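Undergrad: Below you'll find the structure I mean.
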Amino acid sequence: MTPLARGRKSAMVRTGSKALQLTLITAAHGATDGGAVFFLPLLPLVMGELGLDALQAGVLVAAYNLISSFLQLPLALVSDLSGKNRVFFAAGLAVSAAAFIAFGHAQGYLSILALMVLAGVGASTHHPQAVAILAEEFADQRGFAIGWHGVGGSLGMSLYPIVTGVAALYVGWRQAIQEQLAPAQPDLVPYVQHPSRADWRVLVPLAREHTVSLDVGAGWGAISFGLAPHVLRHYAVERVAERVAFIGIRGHQDGARNVVPLRADLHAIPLAPGSIDVIAVNGVLEWAGLVDPQASEDVAARNPQVLQELFLRQLHTLLRPGGWLYVGIENRYGRMFWRGAADHQGLRFTSLMPRRLANVYTRLRAHRAPRTYSAARDYRTWTYSLSGYRKLFATCGFEALQSYAVVPGYNAPMQLIPLETPGPFLYLATRSRSPRRVLGRMRRAAHVAARVTRLEKHLTSCYAFVAHKAGGSSR
């Protein structure tokens, strides 16, 4: 090969190497400048989920740019003195990349803020070092190289919010449940999301054109989103801020525009009297007696039953004439409590005890009741027998009460068995099966006896009640 040919080949290699450098540095500029705005489409979701105010959100957005701006000059001086522009450039890019990758595992405001600061530290090494490298490598084409570098930054700032917004739409609440909740508490997944939790809706009249419904103590919104397709408007009332935020995020991502999340206490629901057609109270009535909003150091908390009656009367007031109330709740004397299942305050057998004895027992063992230890030391999550519930609803003005046994429970109402006649219970008992023949026959015989004697309706673990407010048609 002639010297001229070798020179041309060497020039081509240098040109290719320069083009690759320019492409990589320009792409890094796009990532750096895009990092300043990638968070903006996520901000409404993060604010809702974490309950942030405008100032906290502003700090998150500003942290990246502030840190990057303040550190650029001192890090540029250190880089010049050490003569290691490329090392600083690569290190900063790696730090920013690590911070952005870690965003997917951030759990709270402070962790997100720390990652934004870390990403800003990495970004602070880009501009001075990138310009120095380009000026050195493209001594005869500085304007072109720096101009191309600027194009990369502008494209990053334009495209990153779009990419982030699209990702936020497709990586939604379902994936969050599978990644965060399912590994830790798989039993909670159906409770949080399964639409069958609202299957009791067949018991009440619903019309997409005009029904307004309310779910009190909506939790994570499974019942609310089960009702939403069948009503005109639905209010999901929940006291826990994070759950209200989740309902809002899910409603936005699922396009359920008729679901309105409200944060409110059970005893202060901010809706107009006579504005609701159907109210759902699933696993909530017992908690209405836990905390008295009027209690203080000088004023003792009222009796739990008094608070539960006030709660039900509030719901009666919210209903339109002819409106319906659905309640899912445990049976005080249900067989699951005889078998040793923990009551709502975390202790066993308290629902079976006389109220005064349960009160003393709970005070003695309050430290073993983690769900309510900070709110109450005595026994306040009262449940009732079948006759007790009937009396409670009648006292609060409800009529035409329909009573059902719920199997396997009110959080999964696969079977709703009327209690007015033993026929449905008897039908199910005669068709039950067991893998152990002798035990299965004995169990089936016991179930049949309990149903024939009508004892079963007093021992079933959970009830569902449908009650009517006078003034309209009932069915």
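Undergrad: Which residues, taken from the stretch 137-150, are part of a helix (DSSP H, G or I), exposed (fewer than 14 other Cβ atoms within 10 Å of the Cβ) and either of a type in the set (D, E, K, R) or not assigned by TED's automatic domain parsing to the domain that holds THR23 (or both)?
TA: Correct list: empty.
Undergrad: Looking at (1) out of contact with any Pro (no Cβ under 9 Å at 6 or more places or on another chain); (2) of a type in the set (Phe, Trp, Tyr); (3) over 23 Å from TRP200 (Cα atoms), which one does PHE398 not meet, given that it meets all the others?
TA: Result: PHE398 fails condition (3) only.
Undergrad: Of the numbered conditions (1) surrounded by fewer than 19 Cβ atoms within 10 Å (Cβ to Cβ); (2) at pLDDT below 80; (3) not charged (D, E, K, R), GLY153 fails exactly one; give the number of that condition.
TA: Among (1) surrounded by fewer than 19 Cβ atoms within 10 Å (Cβ to Cβ); (2) at pLDDT below 80; (3) not charged (D, E, K, R), the lone unmet condition for GLY153 is (1).
Undergrad: Now, a different point. Inside the stretch 299-347, can you point out the residues that are within 27 Å of the chain's Cα centre (by Cα) and either surrounded by fewer than 18 Cβ atoms within 10 Å (Cβ to Cβ) or of a type in the set (Ser, Thr, Tyr) (or both)?
TA: Once the filter is applied, which keeps residues that are within 27 Å of the chain's Cα centre (by Cα) and either surrounded by fewer than 18 Cβ atoms within 10 Å (Cβ to Cβ) or of a type in the set (Ser, Thr, Tyr) (or both), the stretch 299-347 yields TYR326, ALA341, ALA342, GLY346.
Undergrad: Go through the stretch 64-96 and give me each residue that's more than 18 Å from THR32 (Cα to Cα) and of a type in the set (S, T, N, Q). Show your work before the answer.
TA: Applying the first criterion (more than 18 Å from THR32 (Cα to Cα)) to the stretch 64-96 yields 74, 77-84.
Within the stretch 64-96, SER79, SER82 meet the criteria.
Yes/no per residue for (1) outside any helix (DSSP H, G or I); (2) out of contact with any strand residue (DSSP E or B) (no Cβ under 6 Å at 6 or more places or on another chain):
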{"position": "PRO229", "(1), (2)": "no, yes"}
{"position": "ALA236", "(1), (2)": "yes, no"}
{"position": "ALA245", "(1), (2)": "no, yes"}
{"position": "GLY248", "(1), (2)": "no, no"}
{"position": "PRO273", "(1), (2)": "yes, yes"}
{"position": "TRP287", "(1), (2)": "no, yes"}
{"position": "GLN305", "(1), (2)": "no, yes"}
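Undergrad: Here is a follow-up. Would it be correct to say that ALA280 is touching a residue at least 24 places away in the same chain (Cβ under 8 Å), farther than 15 Å from TYR384 by Cα and either of a type in the set (D, E, K, R) or in a loop (DSSP other than H, G, I, E, B) (or both)?
TA: no
Undergrad: Tell me, yes or no, whether the stretch 180-198 has at least one residue that is within 30 Å of TYR64 (Cα to Cα) and surrounded by fewer than 16 Cβ atoms within 10 Å (Cβ to Cβ).
TA: Within the stretch 180-198 (the criterion being within 30 Å of TYR64 (Cα to Cα) and surrounded by fewer than 16 Cβ atoms within 10 Å (Cβ to Cβ)), the answer is yes, since at least one residue qualifies.
Undergrad: Sticking with this structure for a sec: Of the residues that sit in the stretch 341-373 and are among the small types (Gly, Ala, Ser) and closer than 20 Å to GLY283 by Cβ, which one is modelled with the lowest pLDDT?
TA: ALA369
Undergrad: Further question on the same structure: Any idea which of ALA412, ALA446 is at pLDDT below 90, small (Gly, Ala, Ser) and closer than 24 Å to TYR191 by Cβ?
TA: Every option except ALA412 fails the conditions.
Undergrad: Right, here's the next one. With GLN185, GLN180 as the choices, which residue is part of a loop (DSSP other than H, G, I, E, B), without any contact (Cβ under 8 Å) to a residue 40 or more places away in the chain and either closer than 19 Å to GLN72 by Cβ or out of contact with any Leu (no Cβ under 9 Å at 6 or more places or on another chain) (or both)?
TA: GLN185
Undergrad: crowded, with 17+ Cβ neighbours inside 10 Å, among the small types (Gly, Ala, Ser), assigned by TED's automatic domain parsing to the domain that holds LYS18 and not in a loop (DSSP other than H, G, I, E, B): does that describe GLY120?
TA: yes
Undergrad: Oh, and also: Report whether or not GLY30 is in a helix (DSSP H, G or I), touching a helix residue (DSSP H, G or I) at 6+ places or on another chain (Cβ under 6 Å), at pLDDT below 80 and of a type in the set (Gly, Ala, Ser).
TA: Yes; evaluated as a whole, the condition is true for this residue.
Undergrad: Another question about this same structure. Go through the stretch 250-271 and report how many residues are farther than 24 Å from PRO321 by Cβ, out of contact with any strand residue (DSSP E or B) (no Cβ under 6 Å at 6 or more places or on another chain) and surrounded by 21 or more Cβ atoms within 10 Å (Cβ to Cβ).
TA: Residues flagged as farther than 24 Å from PRO321 by Cβ, out of contact with any strand residue (DSSP E or B) (no Cβ under 6 Å at 6 or more places or on another chain) and surrounded by 21 or more Cβ atoms within 10 Å (Cβ to Cβ) within the stretch 250-271 amount to 1.
Undergrad: State whether the residues of the stretch 247-254 include one that is in the same structural domain as ARG320 (by TED's automatic domain parsing), of a type in the set (A, V, I, L, M) and at pLDDT 95 or above.
TA: no
The values are calculated or read from the model by the stated rules, or taken from the named source; none is laboratory data. Bear in mind that the values here come from a model prediction, so they are computed numbers and not experimental data. A quick note on method: Cβ atoms are made from the backbone with ideal geometry, for glycine too, and the neighbour counts reach across all protein chains shown.
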